[in-house]
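Chemist: The structure is given below, and queries will be raised subsequently.
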Amino acid sequence: MAQIDAKTKKKIMAGREMISNYRNAHSQVTDSKEHTKIQTQLLVDLKDGGFASIDDFFAKNQQLCEQELARCYQLIGQCDGCLGRKRGCPQSCYESRTKLLTEFTGPGPWLTLTPDRTVLKVIRTPPILCNRDFFNWQHFTGHNPPGCAATFEKIAEPEFDISWSMPEGFTLDKYQEIKGREK
């Protein structure tokens, strides 16, 4: 994916301000006609700002956040399949780091069956800097699930709010609730 240049970054920052202004105005509106008016104005402003749609704006914002994450954080350590967890890696990690092999290579820690009963061995691939991982675990030290061997380490200060309009992630309470179900 191409890097976002300074000109596009400036447009995204202006788009963020438009969205924030819309959200503020929207919170004060009670009339549906007024709501339609401010929503239509937002769409016009975003198009004038160089975005094809609101989805285009949010996609570019996400791309910019991922670009800034890669600049400001590095991944330290290697995935060990969350050996310290009873149920292995959380699904958010598992889905982005698995590769299925069609040949059976003997028993191993990560086996699964396909609908036609073919045995596949799941092989972990090295962790990659991934927006979903960073934001899923943002409330935890190292931006990773407790017990994970790989952590994100800050190497530079972000130039802007990389959490703006991104997923909230797991809170400690939510994690404890999930962990309780794993027993």
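Chemist: Among the listed residues Cys65, Cys79, identify the single one that is in a loop (DSSP other than H, G, I, E, B), within 30 Å of Ala150 (Cβ to Cβ) and modelled with pLDDT under 95.
Modeler: Numbers: Cys65 fails: in a loop (DSSP other than H, G, I, E, B).
Every option except Cys79 fails the conditions.
Chemist: So, in segment 23-36, exactly how many residues are of a type outside the set (A, V, I, L, M, F, W, C) and either modelled with pLDDT of 95 or more or not in a helix (DSSP H, G or I) (or both)?
Modeler: So the answer is 2.
Chemist: Return the residues of segment 1-22 that are assigned to a loop (DSSP other than H, G, I, E, B) and exposed (fewer than 15 other Cβ atoms within 10 Å of the Cβ); say none if nothing qualifies.
Modeler: Applying the first criterion (assigned to a loop (DSSP other than H, G, I, E, B)) to segment 1-22 yields 1-5.
Hits for segment 1-22 are Met1, Ala2, Gln3, Asp5.
The values are calculated or read from the model by the stated rules, or taken from the named source; none is laboratory data. Because the structure is predicted, anything quoted here is derived from the model rather than measured. Ideal geometry is used to build each Cβ from the backbone, glycine not excepted, and the neighbour counts take in all protein chains shown.
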